[in-house]
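Heads up: the structure comes next, in structure tokens.
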Amino acid sequence: MKPSLELIINNTDELQTVTNTLLNFIDETRIVLFYAPMGAGKTTLIKELCKKLGSRDNFSSPTYSIINEYLGPQQKIYHFDLYRLKTEDELFDLGIEEYLNSGNYCFFEWPELVEAVIDNKHIKIEIEVKENIRFLRATKF
Ligand SMILES: Nc1ncnc2c1ncn2[C@@H]1O[C@H](COP(=O)(O)OP(=O)(O)OP(=O)(O)O)[C@@H](O)[C@H]1O
Ligand SMILES: [Mg+2]
């Protein structure tokens, strides 16, 4: 069985402890794919993870941008939102392989397109929302 982790998030205050647990699980993996419906809290969670990783960016990114780059004390963090991408070619135009092989954290929202391009180890995180409670499952691949 693949290693996995299940967490429940009742409110944004709980993101403090949830991100600690999640970062322990992520460990040395650098590519993390976030699968969840619109508004489930992908961006919120990724921003908390970036903060925990020591990014001192103010996160005031434009509303629409495919790649956000954060600077941590030890490494860069790439936060991708692939929602508006339609083809794999667009991914290659972004230079996706270089990002994936950089050894820096790569966090993906709407990762369906990038899946086929990844040959490194990665983690999939699924978030389900039921009555404002978030159920999160992380699995290592
Ligand atoms: N754990 C949580 N508990 C309660 N509210 C949350 C939680 N996580 C996020 N939210 C709220 O849900 C809303 C949407 O969050 P967010 O933008 O992170 O979702 P998203 O999955 O990135 O959406 P999109 O698919 O549009 O990118 C925000 O108003 C945020 O404050
Ligand atoms: Mg988002």
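Any read-out appearing in this document is the output of simple, stated calculations on the displayed coordinates, not a laboratory observation. Every value quoted in this text rests on a predicted model; they were computed, and no experiment measured them. Backbone-built Cβ (ideal geometry, glycine too); neighbour counts: all protein chains shown.
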Crossing angle, helix 42-52 versus the chain [Cα axis fit, 0-90 degrees, rounded to tens]: 90 degrees
Go ahead and estimate [θ] at 222 nm for the chain from helices alone: -39,500 (n - 2.57) per DSSP H run with n ≥ 4, summed, over the residue count, rounded to 500. -7000 deg cm²/dmol
What would the Debye equation give as log₁₀ I(q)/I(0) for region 4-140 at q = 0.14, 0.19 Å⁻¹, counting only Cα atoms as equal point scatterers? -0.61, -1.18
Return the single residue from N104, N68, N24 with maximal mean-square fluctuation; model: Gaussian network over the chain, springs between Cα atoms under 10 Å. N24
Expressed as a whole-number percentage, the relative contact order of region 4-140 with C-alpha contacts under 8 angstrom and at least six residues apart is 38 percent
Set the Förster distance to 35 Å, then compute FRET efficiency between E128 and R84 from the Cβ-Cβ distance, nearest 0.05. 0.90
If the elastic network links every pair of Cα atoms under 10 Å, which of L94, L49, L33 fluctuates the most in the Gaussian network model of the chain? L94
Which residue fluctuates most in the GNM of the chain (Cα springs below 10 Å): K47, K121, K86? K86
Can you give me the angle between helix 15-26 and the longest principal axis of the chain, using Cα atoms only, in degrees from 0 to 90, rounded to the nearest 10? 60 degrees
